[in-house]
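Scroll down for the structure; my scribbles are underneath it.
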Amino acid sequence: MAKILDGKAVAAEVRSEVAAEVARLKDRGIPVRLDVILVGDDPASATYVRMKQKDCDEVGIESHSHRFEADAPQEELAALVEQLNGDSAVSGFFIQLPLPEGLDPLALLSEIEPAKDVDGLSPLSVGRLSIGLPSLLPCTPHGVIQLLRRNGVEIEGKEAVVIGRSNLVGKPLAQLLLRENATVTVCHSRTQNLPEVARRAELLVVAAGRREFVGAEYVREGAIVVDVGIHAREGGGLVGDVRFDEVEPVASWISPVPGGVGPMTRAMLLYNTVQASRAAG
């Protein structure tokens, strides 16, 4: 039976550390504030923003939302990005994705100053990550690393396979695993003999974006399995990219959905906000 990579417990640990650091910074007169730009009325995005604001309240971070109708012009959003870049009261900010059709997210992300890019998604932040320069790290990939580290899971020397090559998770996670001295293979929809490649992994991270895609045939005996996916289950509840009940008996460690990577993503956003505030102070 696999041990559980409990994201709720580790995220609570991170939030406690963040709250203590926020208090120290405030004692020194350094503001800690997180802003979000939310465009349109996508229910999932609105819910996620509310959850992030609740997280901020819990750790003492000031939070502000800038809401726009779905037909907001690109120029208006770009002007706000420029304003937030220059506002010394704002520690960091992010643009809630996805954006409505007709807007260019890459152009807006490109305008965010790396020092305030708490999502770690701007091209400059991505470039700094890729060549090993200091940067604010993308929240989900960094959350995966912290989830493993804080459970005492050794990454160095492991053969790691990442299923998924998105800019949000797969690519930056591969970079972070390389930093941890893993040997990394990135798989995708064109990978030949995917189950065979995945079975090489001592550490298998599944970020395919496909509901319950990976079963036991993808998993080496004793592998560490991290499930980044999250999907609504028919009839209620959530599931990931991994068929948990099928894979759990084969793995040595496994992250559940919900309660695995999801809480870590939110916690690392708070962590990045404090990092940005400390650097600015």
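The values are calculated or read from the model by the stated rules, or taken from the named source; none is laboratory data. All values reported here derive from a predicted model rather than from experimental measurement. All Cβ positions, glycine included, derive from the backbone under ideal geometry; neighbour counts span all protein chains shown.
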Filter result for residue 37 (within 29 Å of residue 80 (Cβ to Cβ) and crowded, with 17+ Cβ neighbours inside 10 Å): yes
Residue list for the stretch 17-58, filter: within 18 Å of residue 263 (Cβ to Cβ), among the small types (Gly, Ala, Ser) and at pLDDT 95 or above: 19
All positions within the stretch 55-68 that are more than 20 Å from residue 31 (Cβ to Cβ) and either within 19 Å of the chain's Cα centre (by Cα) or exposed (fewer than 15 other Cβ atoms within 10 Å of the Cβ) (or both): 67
Hits in the stretch 101-120 (condition: assigned to a loop (DSSP other than H, G, I, E, B) and surrounded by 22 or more Cβ atoms within 10 Å (Cβ to Cβ)): 112, 118, 119, 120
Close pairs (6 angstrom Cβ cut-off, 6 or more residues apart or separate chains): closer than 26 Å to residue 266 by Cβ and touching a residue at least 60 places away in the same chain (Cβ under 8 Å) in the stretch 219-246, acidic (Asp, Glu) and assigned to a loop (DSSP other than H, G, I, E, B) anywhere: none
Residue among 127, 157, 152, 143 that alone is part of a helix (DSSP H, G or I), of a type in the set (Gly, Ala, Ser) and closer than 30 Å to residue 218 by Cβ: 143
Residue 152 at positive phi and touching a helix residue (DSSP H, G or I) at 6+ places or on another chain (Cβ under 8 Å): no
Single unsatisfied condition, residue 132 versus (1) modelled with pLDDT under 95; (2) part of a helix (DSSP H, G or I): (2)
The one condition in (1) more than 17 Å from the chain's Cα centre (by Cα); (2) of a type in the set (S, T, N, Q); (3) over 27 Å from residue 159 (Cβ atoms) that residue 252 fails to fulfil: (3)
Checking residue 98 against (1) more than 30 Å from residue 220 (Cβ to Cβ); (2) modelled with pLDDT of 95 or more, the condition it does not meet: (2)
Some residue of the stretch 156-163 being over 28 Å from residue 269 (Cβ atoms) and either touching a helix residue (DSSP H, G or I) at 6+ places or on another chain (Cβ under 7 Å) or at pLDDT 95 or above (or both): yes
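Inside the stretch 271-281, can you point out the residues that are in contact with a strand residue (DSSP E or B) (Cβ under 8 Å, 6 or more places away or on another chain) and either small (Gly, Ala, Ser) or over 9 Å from residue 139 (Cβ atoms) (or both)?
Across the stretch 271-281, the qualifying residues are 273, 276, 277.
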Flag if residue 148 is among the hydrophobic types (A, V, I, L, M, F, W, C), surrounded by 19 or more Cβ atoms within 10 Å (Cβ to Cβ) and either at pLDDT 95 or above or closer than 19 Å to residue 275 by Cα (or both): yes
